[in-house]
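Encoded as structure tokens, the structure appears first; notes follow it.
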Amino acid sequence: MDGPSGTGKSTVSRRLAAACDAAYLDTGAMYRAVTLAVLRAGLGGAEPAAAEVAVGAVADLRSVTDPAAPAILLHGADVEAEIRGPEVTRAVSAVSAQPAVRTALVERQRALIADAVVAGGIVVEGRDIGSVVTPDAPLKVYLTASDEVRAARRSAQDRKAGRAAETAAVLADVRRRDRLDSTRKVSPLHAAPDALVLDTDDLSVDAVLTELLRLVHERGLCRE
Ligand code: DC
């Protein structure tokens, strides 16, 4: 499941995984967690030394792939709240544009996916899952929505989590990250040629989930 921020990727991916008794992997949380390690080291995301710190942090990451309680641990501590904060959100695109960081995380993601496939399947969300991480995935979906709708969803989500969220500022941040994520040299955000593109502007989460369940059942991919 790929697409930019604010398309509802996380919510529908988690619910789809739970409905199919599959694992769930949020790869954005992995990029965010290594970015947190960079910030803790007192570095900015674009500094050359940042890549070294981020790659080093990959060994200290643990992803919990239970869709009922997904989590990301850095040095054994749950960092979910910190990785969603504004500092990490500001720096994550620069860190995730570093080729060495992508190589290290893609390798880790492929290993997690291989284990989960043996155990019964996995829903993976990110920006380059269908295009780079698992080009042979049996179903690829690319979620889109207009900038305005995505910013409105993001600010509602932030407010719910108790973070300040002024819609104009969130819209500017959504556009800034889209630009950085789509123009980076390595694995820029784009739909894989064989991905099904789903525009979610006028679709509720339930409607997107219904369509996804139809697709996985049609392909015999859901265990339930
Ligand atoms: O999905 P998210 O907003 O939590 O992702 C955070 C950032 O991580 C996003 O701006 C781009 C990067 N990312 C990436 O480059 N590749 C992925 N597979 C997932 C996320």
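Within the stretch 52-71, residues that are assigned to a helix (DSSP H, G or I) and aliphatic (A, V, I, L, M) have Cβ atoms under 7 Å from residues that are modelled with pLDDT under 95 and loosely packed, with under 14 Cβ neighbours inside 10 Å in no pair, counting only partners at least 6 apart in sequence or on another chain. The set of residues in the stretch 94-109 being in contact with a helix residue (DSSP H, G or I) (Cβ under 7 Å, 6 or more places away or on another chain) and more than 12 Å from the ligand (Cβ to nearest atom) consists of Ala100, Ala104.
Restricting attention to the stretch 11-35 and to residues that are buried (at least 18 other Cβ atoms within 10 Å of the Cβ) and among the polar types (S, T, N, Q), the residue that is nearest to the ligand (Cβ to nearest atom) turns out to be Thr27.
Within the stretch 1-29, the set of residues being over 12 Å from Val216 (Cβ atoms) and among the acidic types (Asp, Glu) comprises Asp2, Asp26. Within the stretch 116-123, none of the residues are within 13 Å of the ligand (Cβ to nearest atom) and in contact (Cβ under 8 Å) with a residue 40 or more places away in the chain. When only residues in the stretch 123-156 that are polar (S, T, N, Q) and buried (at least 18 other Cβ atoms within 10 Å of the Cβ) count, which is modelled with the highest pLDDT? Taking the candidates together, the pick is Thr134. On the stretch given as the stretch 73-89, residues that are near the ligand (Cβ under 10 Å from one of its atoms) and without any contact (Cβ under 8 Å) to a residue 60 or more places away in the chain total 2.
Working only within the stretch 36-48, note down all residues that are surrounded by fewer than 24 Cβ atoms within 10 Å (Cβ to Cβ), away from the ligand (no atom under 12 Å from the Cβ) and either outside any helix (DSSP H, G or I) or modelled with pLDDT of 95 or more (or both). Scanning the stretch 36-48 gives Ala37, Leu39, Arg40, Ala41, Gly42, Leu43, Gly44, Ala46, Glu47. Among residues of the stretch 125-143 that are farther than 20 Å from His217 by Cβ, those with a Cβ under 7 angstrom from a residue that is hydroxyl-bearing (Ser, Thr, Tyr) and within 11 Å of the ligand (Cβ to nearest atom), sequence gap 6+ or separate chain, pair up as Gly126/Thr27; Asp128/Ser187; Ile129/Thr27; Ser131/Ser187; Val132/Ser187.
The values are calculated or read from the model by the stated rules, or taken from the named source; none is laboratory data. Every value quoted in this text rests on a predicted model; they were computed, and no experiment measured them. In this analysis, Cβ positions are derived from the backbone assuming ideal geometry, glycine residues included, and neighbour counts consider all displayed protein chains.
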